[in-house]
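First comes the structure, then the notes that go with it.
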Amino acid sequence: MKIIRVLEVWEKGMEGGFVGTLPLSNELPLDFLYSLFAAEQDKPDPEMKLSYLLDEARLEALQPFVEQAVDFSQFDYILSAHGVPDYE
């Protein structure tokens, strides 16, 4: 199983609707990603399989791994992961 990571894009606020996803580069180092979120994990998630709401600082840290520009003032972003079979 191959893990694919994306940024989910949502309209701002609790009532905001889903806008779409932005792919993250396959070159995103897992240890870098883990270092951004390790302090807030109740149980260690070193494979980063859970979803995380991004604050502005973390979104900026991930920007080099996203092809499109992100806009924290307009949208909310969630780091998400899903699996696909290795043969795809």
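The values are calculated or read from the model by the stated rules, or taken from the named source; none is laboratory data. These numbers were taken from a predicted model, which means no experiment stands behind them. So basically every Cβ, Gly included, is an ideal-geometry build from the backbone, and we count neighbours across all protein chains shown. For accessibility, only protein heavy atoms count, side chains too; no ligands or nucleic acids. Shrake-Rupley method; radii C 1.70, N 1.55, O 1.52, S 1.80 Å.
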Filter result (open to solvent by 80 Å² or more (accessible area, probe 1.4 Å) and either closer than 15 Å to Arg58 by Cβ or charged (D, E, K, R) (or both)) within the range 1-10: Lys2
Cross-chain or 6+ apart pairs with Cβ under 7 Å, the range 31-56 first and on the phi > 0 side of the Ramachandran plot, then open to solvent by 40 Å² or more (accessible area, probe 1.4 Å) and at pLDDT 90 or above: Met48/Leu30; Met48/Tyr34
Members of the range 9-48 that are hydrophobic (A, V, I, L, M, F, W, C) and closer than 15 Å to Ile78 by Cα: Val9, Trp10, Met14, Phe18, Val19, Leu22, Leu24, Leu33, Leu36, Phe37, Met48
Lone unmet requirement of (1) at pLDDT 95 or above; (2) touching a strand residue (DSSP E or B) at 6+ places or on another chain (Cβ under 7 Å); (3) open to solvent by 50 Å² or more (accessible area, probe 1.4 Å) for Asp55: (2)
Some residue of the range 11-27 being open to solvent by 100 Å² or more (accessible area, probe 1.4 Å), closer than 23 Å to Pro85 by Cα and at pLDDT below 95: yes
Verdict on Phe32 being aromatic (Phe, Trp, Tyr) and open to solvent by less than 30 Å² (accessible area, probe 1.4 Å): no
Meets criteria (buried (at least 16 other Cβ atoms within 10 Å of the Cβ) and farther than 12 Å from Arg5 by Cβ) for Phe75: yes
